[in-house]
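A.B. asks: Structure below; questions to follow.
The values are calculated or read from the model by the stated rules, or taken from the named source; none is laboratory data. Everything quoted here is computed from the prediction, not taken from an experiment. As a convention, Cβ positions derive from the backbone with ideal geometry for all residues, glycine included, and neighbour counts pool all protein chains shown. All accessible areas refer to the heavy atoms of the entire protein, side chains included, with ligands and DNA or RNA removed. Shrake-Rupley method; radii C 1.70, N 1.55, O 1.52, S 1.80 Å.
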Amino acid sequence: MKKNTIYKKEKGKKIIEQHYEKYLLDLSIDFERIYIYTTFGKTHMLVSGPLEGKPIFIFQGGNCINPMTLSWFLPLFSKYRIYSPDTIGHPGYSDQTRVSAKDSSFAQWISELMNHFNIESSAFIGPSYGAGIILRLASFMPQKIDCTVLVSPAGLQLGSKQEMIKKVLLPLFLYKISSNNKYLHKLTNNMSENNMNELDKQIIGDIFKYIKLEQEMPKLTEKKELVNFNAPTLILAGTKDIFFPANSLRSVSEEIISNLISFQSFEMGHFPSNRNLEKINEKIIEFLNIYY
């Protein structure tokens, strides 16, 4: 394996790529696959939706594969032109060099992707780490954002470290040293309130097994960073989310985001159930119809 890699073995890289291709095929959507060369490295981009549709950039969750994230937002593809990059330094086909989520790096990366398509501003959607990336853009280049939807967002407030250790880090450690699926099931059930499908469990397990995980969360956004950010914002969060619980996010969001249109909470974990995804997409479509 080359020096700049997130993969522990070449075999693991091939397995993750097989998951990616299978997931992409199962979405039954025609994608253009474009490679864009940026300051931070080569970026693989999935593009789909009507050519005349307004643009929406969707960013994958951390330590995840892009098609898995896109599967959450399929109702948007019929109306909007969707641009979804594989995040550099995360599983996928983009370069594997880590990019800091603490400074302006991701904002610059997004700007370069937008410039490639001659897009001056856009709507943005991001779950988890992807939302944290969007908040970096809001901090450094707010004029690029027409409106944004943040789902279970990183970059605002963390949940209980004790709960994360007990329900995520401990079973993750036991799974890594034993490869016993009972620990994987415990971990994924804790992340999803027992709602993660078997395919996603398998992919998450292989990511844990074969990838050097990104362990740094995006910087917690400060109010002063968003002083020039006034785009309409919708936040959707889970009351049972171990990483970013709704009750921790609400007060911070209301304090630092000046144009927070709505904060919606659902009884869900970090990974939503199919029923909650239906509700989430209903809220997103309603929001975009009004504010975009």
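A.B. asks: Restricting the search to the range 81-119, which residues are of a type in the set (Ser, Thr, Tyr) and more than 24 Å from Glu21 (Cβ to Cβ)?
C.D. replies: The answer is Ser100, Ser104, Ser105, Ser111.
A.B. asks: Any chance you could count how many residues in the range 240-257 are surrounded by fewer than 14 Cβ atoms within 10 Å (Cβ to Cβ) and either at pLDDT 95 or above or within 20 Å of Ser139 (Cβ to Cβ) (or both)?
C.D. replies: 3
A.B. asks: Enumerate the pairs (first residue in the range 263-292 and under 18 Å from Asn194 (Cα atoms); second residue anywhere and hydroxyl-bearing (Ser, Thr, Tyr) and in a helix (DSSP H, G or I)) with beta-carbon separation below 9 Å, excluding pairs fewer than 6 apart on the same chain, so at least 6 apart or on different chains.
C.D. replies: Matching pairs, first to second residue: Met268/Ser192; Gly269/Ser192; His270/Ser192; Phe271/Thr188; Phe271/Ser192; Pro272/Ser192; Ser273/Ser192; Leu277/Ser71.
A.B. asks: Residues in the range 28-37: is at least one surrounded by 12 or more Cβ atoms within 10 Å (Cβ to Cβ), without any contact (Cβ under 8 Å) to a residue 60 or more places away in the chain, under 20 Å from Asn281 (Cβ atoms) and within 20 Å of the chain's Cα centre (by Cα)?
C.D. replies: The answer is yes; a qualifying residue exists.
A.B. asks: State all residues of the range 2-50 that are in contact with a strand residue (DSSP E or B) (Cβ under 6 Å, 6 or more places away or on another chain), more than 15 Å from Tyr83 (Cβ to Cβ) and aliphatic (A, V, I, L, M); if no residue qualifies, say none.
C.D. replies: Ile6
A.B. asks: If I ask for residues that are open to solvent by less than 50 Å² (accessible area, probe 1.4 Å), of a type outside the set (Val, Ile, Thr) and farther than 23 Å from Asn230 by Cα, which ones from the range 145-172 would you list?
C.D. replies: Within the range 145-172, Gly159, Met164, Pro171, Leu172 qualify.
A.B. asks: Another question about this same structure. What are the pairs with Cβ atoms under 7 angstrom where one residue, in the range 190-217, is in contact (Cβ under 8 Å) with a residue 60 or more places away in the chain and surrounded by fewer than 17 Cβ atoms within 10 Å (Cβ to Cβ) and the other, located anywhere, is basic (Lys, Arg) and in a loop (DSSP other than H, G, I, E, B)? Sequence gap at least six, or different chains.
C.D. replies: Correct list of pairs: Lys212/Lys8.
A.B. asks: May I ask you to list the residues in the range 233-276 that are more than 17 Å from Leu220 (Cβ to Cβ), in a loop (DSSP other than H, G, I, E, B) and over 19 Å from the mean Cα position of the chain (by Cα)?
C.D. replies: Ser258, Asn259, Glu267
A.B. asks: Select from the range 173-188 the residues that are crowded, with 18+ Cβ neighbours inside 10 Å and not polar (S, T, N, Q) and write down the one among them that is nearest to Ala101 (Cα to Cα).
C.D. replies: Among residues in the range 173-188 that are crowded, with 18+ Cβ neighbours inside 10 Å and not polar (S, T, N, Q), the one nearest to Ala101 (Cα to Cα) is Leu187.
A.B. asks: Picking from Glu216, Glu222, Glu198, which residue would you name as being out of contact with any Gly (no Cβ under 9 Å at 6 or more places or on another chain) and closer than 15 Å to Ile256 by Cβ?
C.D. replies: Just a single option satisfies the conditions, and that option is Glu222.
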